Structure formats: C-alpha cells, structure tokens
Amino acid sequence: MDLLSILIPFATAGVVTALATPIVSRLARAFEVVDHPSERKVNRRQNIPLLGGIAVALGFFVGLATAILLSTGLPVGGHVEGLLLGGVLLVGVGVFDDRFTLTALPKFAVQFLAAGIAIYYGFVISHFTDPLTHTSQPIPIVLSWIVTSLWIVGVTNAMNLIDGLDGLCSGIAAIIGATLTLICWQLSVPVGVILGAAFVGSLLGFLPFNFPPARIFLGDTGALFIGYVLSLLALEGYAKVTLLTFVVPLLALAVPIIDTGLSILRRLRRRSTPFSADRQHMHHRLLESEGSQRSAVLSLYFLTVCFCVIALSFTKLEGIASILFLVAVIALTYRLLRNLGLFDTPPDESAGTEGPAGAGGRGHP
C-alpha cells in the first residue's frame, strides 16, 4: 500500500481530534462530567473535564471514514464494522460511567458483549504456532472464543488501570499502537495498517491537551475505547507471527499487562478483592521516585518503547534463537520489577472499589 493511503487517515484523525477536544471539554464542564479528587488519586486539581475519549473516538471514526471514502483499501464490513460497533458500545458505557458511575458487574457485562461483537466479526485467536517447526495447531472453537474474550476484556481493563497520570494512557497507547501498526505493515495486513494509522493519529491529536499538566482527562470513555481498539489491533497481525503466535502483541502491551497482573497479585496476597483501589501501581512507584508526573510519565514512555522494540525484533526471530531470546527477556523483566519493589506486598491502602476497569479513567487512582 502507498504512503498516502496511510497518511490521510492518520492526519485526518489527528486534526479532527485536536479540533474536537476543546469542544468536548466545554461540554463536559457544562454537564458537570468532571474529575473529583480524592485521597487515592494523584490529581488534586478540581473540575478537570472528563470525556476526552469522545474526541479520540470521533477523530478515529472520521479518519476511518476518510480512508473508506478515498478507497484506500479499507473494507466497509468485516473487522472494521466489528471494531466500530464494539467501540461505539464502549464509548457509550464509558460516558454513562463518567457521569453517573457504574459498578463492576454492568461494566464487565458490556465489555464481554463488545468482545462477542468482535468475535462475531472475525476477531478470533484460532491457532497456536510452533516456533520450531512453524506448524499451526488449531484451537477448539469454544476455547478460542473464551481465550479471545479474555484477551479483549483483559487489555481493555489493563489500559484503564494504567490511566493514572496525566498523558500516561494516551501516550503509551500511541506508542503501542504505532508498534502494532508497523507490525501489520511488515506482515502485509493493510486493514491493520489503516486502522492503526487512524488510531495513532487520534491519540497524537489528543495528547497535547492531556500531557502534564492535563487540561482534560480521557475518562473511562477514552480508556475503555483505547484498550478495546488496541486489543483488536493486536489481533490483526498475530496470525502471521511465528514466535508462539502471540508473544509479539504481548510484548508490545507488556507495560499495561504487567501492571494489571501485579495489581491483581498484590491484592490477592492482601486477601482483598482484585478490584480494590491502591496506590501501588507502577506509575505510583515511579511518581514517588521521580518526584513529578512528567518525569514519571516519560519514564514509562521509555519503558514502553523498549518493550515495543523487543516486540518488533521478535517478528524476525525463528527457531531456538526465539526461545532463548524470550527467556532472556522474561528474566530481565523479572529482575527489573524486583528492583523496583513491585513484588513486595504493601500495607492495605484500599479506599474503595475500582470496578472492572479501574478508576484510572475517572482521574488517576
């Protein structure tokens, strides 16, 4: 595919999001959809508007519409339709949650419904690839549906949980999205490339308003939508990756996945619910050590870039070298997390319930 067909949705999404964000900000204030600081949140400023995800989603949708109208190779049906339907559904529940606050059960229910829509339209983890022989082993259909649903819901929640500092979720998502887009381009998956270009463009159009000090937050509206799109974008190229099929997107999404896994482990060791809030996320630890939100955010950007570079290298590895490299990455990652003290069990700091997607999207847990 030519460069113009990538740049058009990218630029369109970015411009539309940048123009829409101030309007969404005013609407959020008018309807009192704003953040309310508390002890368990990093943010201490009053009345920062939420609903930034509406601007991100709008830019993304307009970018895709432009690609379709210009016949850049993006089909109207199939994966694109499934992503749009599920994305609109999550934006809707996110808006409602940002305004009225939902409990865990309905949020989970909607996320699994969105996952079901994606599966219906073809987003399915259907096989496992042997890294040594390159032979593919099919996964039983029921099991593939379960695994795919857990992947989509898991990534959706992971991105919301990590939305704890100004610009953190949007910036990390832009880095991961660009990486997954490049992987789709390397593997000749044009739909993934165009979806990724519009997605990254919309995030970059929003980031100047969200970077520390943020003038608007994503809210659950944005964090849920971003996580959903990333989970599906990762599925676009996974079928052609030879290393254990799914290691590449796992590595690209390593930072939010690790943070979520450690959060669940930490809370279970405290014998509390996995959805209880605390201030022991990776971004909280870095904020304590770095002293400012901007430094902590930039540190996590750098860590995400490192994992994404590793993910890109895995698309070229084959045979025993891929296994050895993977073992080395796991060992080094474990050492890094151990040095940061992220395996320690802190005192119980629960101050409420985060819900299935955390309170990050509502303004910094």
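Some notes on this structure:
- Looking only at region 157-196, and only at residues there that are among the hydroxyl-bearing types (Ser, Thr, Tyr) and in a helix (DSSP H, G or I), the one that is surrounded by the most Cβ atoms within 10 Å (Cβ to Cβ): SER170
- Residue in region 127-145 that is closer than 22 Å to ILE68 by Cβ and of a type in the set (D, E, K, R) present: no
- The set of residues in region 106-119 being in contact (Cβ under 8 Å) with a residue 12 or more places away in the chain and of a type outside the set (Phe, Trp, Tyr) consists of PRO106, LYS107, VAL110, GLN111, LEU113, ALA114, ALA115, GLY116, ILE117, ALA118, ILE119.
- Applying the criterion of at least 2 residues that are modelled with pLDDT under 85 and either farther than 27 Å from ARG338 by Cβ or β-branched (Val, Ile, Thr) (or both) to the helices (runs of 4 or more DSSP H) found wholly in region 206-319 leaves 219-238, 247-252, 254-269.
- Test for ALA67: is it crowded, with 21+ Cβ neighbours inside 10 Å, hydrophobic (A, V, I, L, M, F, W, C) and at pLDDT 95 or above: no
The values are calculated or read from the model by the stated rules, or taken from the named source; none is laboratory data. Since the structure is predicted, the reported quantities are computational estimates derived from the model, not experimental observations. Glycine gets a Cβ as well: all are built from the backbone with ideal geometry, and neighbour counts include every protein chain shown.
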